[in-house]
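Peer 1: Mind looking over this structure? Questions follow.
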Amino acid sequence: MDHAADVPDVFDPRIYAEGIPHAGYRLLREHHPVAWQPEPEIQGWPAGPGFWAVTRHADVVRVLRDHRTYSSRIGATQIRDPDPADLPFLRRTMLNQDPPEHGGLRRLVSRAFTPARVDAFAARVRERARALLAAAREGAEDGAADLVRTVTDEYALLNLTDLLGVPAADRALLLEWTVRIIGYQDPEDAPRPVSGPDGKPLNPRSPALLGEMFAYARELAAHKRAHPGDDVMTALAEAGLDPAELEMFFFLLTVAGNDTVRSAAPGGLLALALAPDAYRRLAGGRVPMDRAVDELLRVHPPVLSFRRTAAVDTELGGRPVRAGDKVVVFHASANHDERVFTDPGRLDLGRTPNPHVSFGDGPHVCLGAHFARLQLRVLYEEWCAAMPVPELAGQPRRLVSNFINGITRLPVRVSGPAR
């Protein structure tokens, strides 16, 4: 399949270091809503066969809801093809399964990840937000602080480890694993990639590189069986999972659970810093906080893309899709589709309805969405109560990734009167 000359590249992870490519997405939505994208070799990662980029909201929702046509299991859910030898391993996690197998595991973990259990952590989450924001103000140099380093990384990690029941002494391990797995495309953010026998980088999700995390998951589960608590790992340890299922649940909750808020929180604060009038309306109570949280998620979705694989020959957006083709949905593009969102480039904190797809759609809709919204709402409320109008004090740095919409540095002024 030829790549048309006027089809913008939305694959190269280095593009996203400069910002979400909204101009490219807009061109795709308008003229090439289902567009073939080549996969050249980049930064030592091998070339792939190419994929269909899906950029309109209606098509994205269609792909995410139709698991019979667009499978999560056939080739897993990352753009780059995994090593075929790793596929059986990757299919142990519900992220890379299709119904009905996916539903059974999801129901099991849902019983551990209940809204009631999440809501019980609200007071602790608020206390942590206050403490981290106060510490950022007190430790600020020249009135500014890097909010990623001083606030949002710790906030996301510690809230998640509280919910999971991870001992305080072990919490740095979870951040290390998350950075290694999520930031692997970014030469500055991630450790140097491990190479295989062929000299090519090993996928950080391969079993060869996850042994340490899995061993820890087994040890923690054994500890929880002996010393149960009111936490998610205790519930999973007592759920009768086989060791492989337990390991993959821990992997999924650690990485996805941490990075959702780790990406969304600084993204939301950056959006507010770039729209001071919108921020003043929020801080003044003229906008419902729940709506504001969803609008900030719309403009800065934690995840940029997810892959499916066509299980059968089909047609999407007027293009013939063959069984085995990779089909990749782009959340940030769908969230700016003019067919669904009026004036999508404007931050409208009171926007309603707001059918963004930042947490996905269909059977794989984000299991931790309730916990993520709680954390974001509390952080923004505490900022509005105690902090000045957010103002950039330097250039933010974005993660080099076509998967996670990450921000690795966010210098913001934190001294001055509240609001």
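The values are calculated or read from the model by the stated rules, or taken from the named source; none is laboratory data. Source: prediction; values computed, not measured. Note that each Cβ is placed from the backbone with ideal geometry, even for glycine, and that neighbours are counted across all protein chains shown. We work out accessible area using only protein heavy atoms, side chains counted, and drop any ligands, DNA or RNA first. Shrake-Rupley method; radii C 1.70, N 1.55, O 1.52, S 1.80 Å.
Peer 1: List the residues, sorted by chain then number, that are 5 or more residues from Ile404 or on another chain and whose placed amide H is less than 5 Å from its amide H.
Peer 2: Leu304
Peer 1: At a 1.4 Å probe radius, carbon and sulfur cover how many percent of the accessible area of segment 23-78?
Peer 2: 52
Peer 1: Roughly how many Å² of Arg62 are accessible to a 1.4 Å probe, to the nearest 10?
Peer 2: Only protein atoms counted, so the area is about 110 Å².
Peer 1: So which residue, out of Pro84, Pro243, Pro21, gets the largest mean-square fluctuation from a GNM of the chain using Cα contacts under 10 Å as springs?
Peer 2: The residue that fluctuates most here is Pro84.
Peer 1: Right, next: Near the amide H of Trp36, under 5 Å away, which other amide H atoms are found, from residues 5 or more places off or on another chain, if H is placed in the peptide plane?
Peer 2: For Trp36, whose amide H was placed from the backbone, the distant partners under 5 Å are Ala53.
Peer 1: Let me ask another. Using a 10 angstrom cutoff on alpha carbons, build the Gaussian network for the chain and name the most mobile of His356, His223, His67.
Peer 2: The residue with the greatest mean-square fluctuation here is His223.
Peer 1: How much accessible area per residue does the chain have, counting only protein heavy atoms and a probe of 1.4 Å, in square angstrom?
Peer 2: 41
Peer 1: Moving to a separate point now. Using helices alone, what [θ] at 222 nm do you get for the chain, with -39,500 (n - 2.57) per DSSP H run of 4 or more residues, divided over all residues and rounded to the nearest 500?
Peer 2: -13000 deg cm²/dmol
Peer 1: Springs between alpha-carbon pairs under 10 angstrom, Gaussian network model over the chain: which of Phe121, Phe113, Phe330 fluctuates most?
Peer 2: Between Phe121, Phe113, Phe330, it is Phe121 that shows the largest mean-square fluctuation.
Peer 1: Now, a different point. Hey, can you grab everything whose amide H is under 5 Å from the amide H of Arg398? Only 5+ residues off in sequence or another chain; H modelled, so Pro and N-termini drop out.
Peer 2: Thr408
Peer 1: Ignoring any ligand, DNA or RNA, what whole percent of the accessible area of segment 327-404 comes from carbon and sulfur when the probe is 1.4 angstrom?
Peer 2: Carbon with sulfur: 52 percent of the solvent-accessible area.
Peer 1: I'd like the distance separating the alpha-carbon centroids of segment 302-359 and segment 1-78, in whole Å.
Peer 2: So the separation of the two Cα centres works out to 10 Å.
Peer 1: If a/c stays under 1.5 just call it rounded; otherwise compare a/b with b/c (prolate if a/b is bigger, oblate if not). Do that for segment 19-114, with a ≥ b ≥ c from the square roots of the Cα gyration tensor eigenvalues.
Peer 2: Oblate is the answer for segment 19-114, as a/c is 1.5 or above yet b/c matches or exceeds a/b.
Peer 1: Kindly point out which whole DSSP H helices in the chain project their C-alpha atoms 27 angstrom or further along the helix axis while averaging a Kyte-Doolittle hydropathy of 0.5 or above.
Peer 2: Going by DSSP H runs, the hits are 243-273.
Peer 1: Okay, moving on. Using the crude model of +1 on Lys and Arg Cβ and -1 on Asp and Glu Cβ, and no other charge, please compute the dipole size for the chain relative to its Cα centre, in debye to 20.
Peer 2: That gives a dipole near 880 debye.
Peer 1: Now a separate question. I need the trypsin sites (Lys or Arg not before Pro) found in segment 299-332, filtered to DSSP loop residues with at most 16 other beta carbons within 10 Å of theirs.
Peer 2: Arg322
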